[in-house]
Every structure is written in structure tokens, then in C-alpha cells.
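The values are calculated or read from the model by the stated rules, or taken from the named source; none is laboratory data. The structure presented is a predicted model; accordingly, all values stated were derived computationally and were not measured. We place every Cβ from the backbone using ideal geometry, glycine too, and count neighbours over all the protein chains shown.
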């Protein structure tokens with residue numbers, strides 16, 4: 001499961017290369033909210049892969065404010081497709097490389113700290 005947090009740059013690791021048919025493809029990411037069915041699509045360029053061992057795994061930095069700033073928090077299904085285009089958002093005819101679940105959480109987490117006083121009575 002991928003976990004993304006709004007307001008942050010998140011690093012995700014995937015195994016896309018093992019199912020690739022194209023040499024140096026760009027990646028179309030498609031995220032679908034599991035409760036509202038809202039869809040978020042964007043292209044990540046092959047040059048954005050920061051993995052040191054691209055034959056083994058792929059690593060990307062995802063800036064959530066760019067693509068998920070107004071998105072609902074919660075669970076999404078995701079699909080990643082390979083393509084030669086740097087702008088195409090249509091999945092028709094593309095080779096699917098990976099599917100999974102992503103959790104999108106909010107940027108502001110509030111923690112309350114409470115102090116308690118325990119009083120004990122010893123009876124004899």
C-alpha cells in the first residue's frame with residue numbers, strides 16, 4: 001500500500017520495469033477514490049525515476065499539492081500504465097504495469113496531550 005500525505009513530497013517505490021514493453025517509457029498514474037469514484041490522473045516522466053537500480057525497482061517523488069490538493073482523504077485504487085507520450089491521460093491501448101491501493105491522509109495532524117493525576121488510598 002502506498003501512503004501519501006497532503007502538503008508533503010512523498011517518495012513511492014514500485015516495480016514497474018519488470019512488466020515494461022517500451023524502452024524508457026513515461027508513466028500514466030490513475031488514482032480512483034474508493035468512496036466517491038473521483039479520478040486523478042497525471043504523467044510522471046521516466047527521467048523522474050530516482051531509483052539507483054531501475055532494473056530492480058522504480059522510485060519517484062510525488063508532490064501531493066500538485067495533484068491531490070483538493071482531493072478527498074481516504075483510500076484510492078491506483079493503476080500505472082506505460083506510454084511514450086508526456087501528456088496523454090487516456091488509458092486506451094496502454095500496457096498496465098501495476099495496480100494497488102493508496103491511502104491519502106491530511107496534512108494537519110492534531111495530537112492532544114492530556115495530563116492525569118492518579119491518587120491512591122492505602123487501606124490497612
Q: Scan the stretch 1-10 and give yes if some residue there is at pLDDT 95 or above, touching a strand residue (DSSP E or B) at 6+ places or on another chain (Cβ under 8 Å), outside any strand (DSSP E or B) and surrounded by 13 or more Cβ atoms within 10 Å (Cβ to Cβ), otherwise no.
A: no
Q. Among all residue pairs at least 6 apart or on different chains, which show Cβ distances below 6 Å where the first residue, located in the stretch 7-21, is on the phi > 0 side of the Ramachandran plot and in contact (Cβ under 8 Å) with a residue 40 or more places away in the chain and the second is surrounded by 11 or more Cβ atoms within 10 Å (Cβ to Cβ) and in a loop (DSSP other than H, G, I, E, B)?
A. 7/107
Q: Would you point out the residue of the stretch 89-104, among those that are in contact with a strand residue (DSSP E or B) (Cβ under 7 Å, 6 or more places away or on another chain) and not in a strand (DSSP E or B), that is farthest from residue 42 (Cα to Cα)?
A: 94
Q. Got a number for residues in the stretch 43-74 being loosely packed, with under 15 Cβ neighbours inside 10 Å, in a strand (DSSP E or B) and either without any contact (Cβ under 8 Å) to a residue 40 or more places away in the chain or out of contact with any helix residue (DSSP H, G or I) (no Cβ under 9 Å at 6 or more places or on another chain) (or both)?
A. 2
(Q) Take residue 86 and tell me if it is touching a strand residue (DSSP E or B) at 6+ places or on another chain (Cβ under 6 Å), loosely packed, with under 12 Cβ neighbours inside 10 Å and not in a loop (DSSP other than H, G, I, E, B). (A) no
**Q.** Selection within the stretch 11-33 - crowded, with 16+ Cβ neighbours inside 10 Å and part of a helix (DSSP H, G or I)
**A.** 17
Q.
For residue 36, only one of the following conditions fails: (1) more than 25 Å from residue 107 (Cβ to Cβ); (2) assigned to a loop (DSSP other than H, G, I, E, B). What is its number?
A. (1)
